[in-house]
Amino acid sequence: MRTKLIVANWKMNFTIVEALKFFAGLRHEFKGVADCEVVVCPPFTALYAFDEAFAETPYKLGAQNMHWEEAGPFTGEVSPNFLKELNVQYVILGHSERRTHFGETDQGVNKKVDAALQKDLIPIVCVGETKEEYEQGAGWTKVESQMKKTLDGQGRGAIEKMVWAYEPIWAIGTGKHATPEHAQKMAEEMRNLLTRSLDGPTAQTMRILYGGSVSGENAESFLHQRDIDGLLVGGASLDPKVFAGIIGAV
Ligand code: PGA
């Protein structure tokens, strides 16, 4: 049985004051987090405040990115050590917005995954095809290539700890989510690849999320899919009422 995982990706939204207001609102809407893990990934600037706010609560802290080096001349970057100091447990890596706007490559994501796992941070690796690739029926080819490059050289023990997020780029922030059937098909292919890389029983323990225009209305339809173990939520995670509804859908 895989514990469902609901992840809020706030992207570049919320000051510290706004973030704390959100959390007060979420706790008001939703008292307990039953049968699932909930991770909030605020901007770096709000991590310190959330480390305090999340103490004694079931909510877990995640970051939206990190560098693969521990320290050095990397202006503007954040070290995995800085995240560990703030009790961050998860880190989103290779989000399509980082790949598109900041030139992140599969090779860079590979190094970040390695660094995260060495620090006991659980990487949530995002993969997904563009609209053109989807229309040409090349979605899986793209995702397979991203996964293989991310896995290249990683040890078995490391691979087992990873979380994957299937996020079709055409579905992110567009209001046009993938059909649950398409998302399931891709998640199944992803699990098959993990089975080939590791073995069936281990691949069955690993979590695969869906992300891309998840809403209070469609969350449940994804969670019903056999190979989808949770959701990576952008826009809909910014409203405590809506996000509480998504957690409730588990
Ligand atoms: P969205 O974003 O839910 O706003 O589509 C998802 C994501 O980018 O992770």
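Quick one: length gained pulling Asp35 to Asp239 fully straight, 0.36 nm per residue minus the C-alpha distance?
Gain on stretching Asp35 to Asp239: 71.3 nm.
Going by accessible area, probe 1.4 Å, with all protein chains left in place, what is the ranking of His101, His95, largest first?
Numbers: His101 130, His95 10 Å².
So the residues, ranked largest to smallest area, are His101, His95.
So how do Met1, Met66 rank on accessible area, 1.4 Å probe, biggest first, that is with the largest at the start?
Numbers: Met1 225, Met66 0 Å².
Ranking Met1, Met66 by accessible area, largest first, yields Met1, Met66.
How are the alpha carbon pair distances in the chain distributed across 5 Å bins from zero to the largest one, expressed in percent?
Taking every Cα pair in the chain, the percentages come to 1, 6, 15, 19, 21, 18, 13, 6, 2, 0.
Which listed residue (Pro201, Val250, Gly212) has the Cα farthest towards the positive end of the charge dipole for region 180-250, taking +1 on Lys and Arg C-beta and -1 on Asp and Glu C-beta about the Cα centre?
Pro201
Based on the Cβ-Cβ distance of Ala158 and Glu85, what FRET efficiency does E = 1/(1 + (r/R0)^6) give at R0 = 22 Å, to the nearest 0.05?
Using R0 = 22 Å, I get an efficiency of 0.50.
Which of these, Gly235, Gly76, Gly153, has the largest mean-square fluctuation under a Gaussian network model of the chain (Cα springs below 10 Å)?
Gly76
Using a Förster radius of 22 Å, what is the FRET efficiency between Lys131 and Thr195 based on their Cβ-Cβ separation? Nearest 0.05, please.
0.15
Divide, for region 37-120, the radius of gyration over alpha carbons by 2.2 N^0.38 Å, where N is the residue count.
Rounded to two decimals, the normalised Rg is 1.08.
Place a label point 7 angstrom from the Cα of Ile16 along the Cα-to-Cβ direction, then list the residues of region 66-101 whose backbone nitrogen is under 19 Å away.
Flagged as within label range: 78-79, 82-88.
Taking the chain as a Gaussian network, where each spring joins two C-alpha atoms under 10 Å apart, which residue of Ala178, Ala55, Ala46 fluctuates the most?
Of Ala178, Ala55, Ala46, the most mobile in the Gaussian network model is Ala55.
Kindly provide the pair-distance distribution of region 85-159 built from C-alpha pairs, with 5 Å bins from 0 and whole-percent values in order of increasing distance.
Binned Cα distances yield the sequence 3, 16, 24, 23, 16, 10, 5, 2, 0.
Starting from the Cα coordinates of region 66-212, work out the convex hull volume and express it per residue in Å³.
Per-residue hull volume (Cα only) is 117 Å³.
When ligands, DNA and RNA are left out and all protein chains stay put, how many square angstrom of accessible area per residue does the chain have with a 1.4 Å probe?
46 Å²
Longest segment of the chain with no GluC sites (Glu not before Pro) in a DSSP loop having at most 16 other Cβ atoms within 10 Å?
Longest run free of exposed loop sites: 78-216.
The values are calculated or read from the model by the stated rules, or taken from the named source; none is laboratory data. Since the model is a prediction, treat every value here as computed from it, not as a measurement. For neighbour counting, all protein chains shown are included, and Cβ atoms are generated from backbone atoms with ideal geometry for every residue, glycine included. For the accessible areas, the whole protein counts, side chains as well, though only heavy atoms, and no ligand, DNA or RNA atoms are used. Shrake-Rupley method; radii C 1.70, N 1.55, O 1.52, S 1.80 Å.
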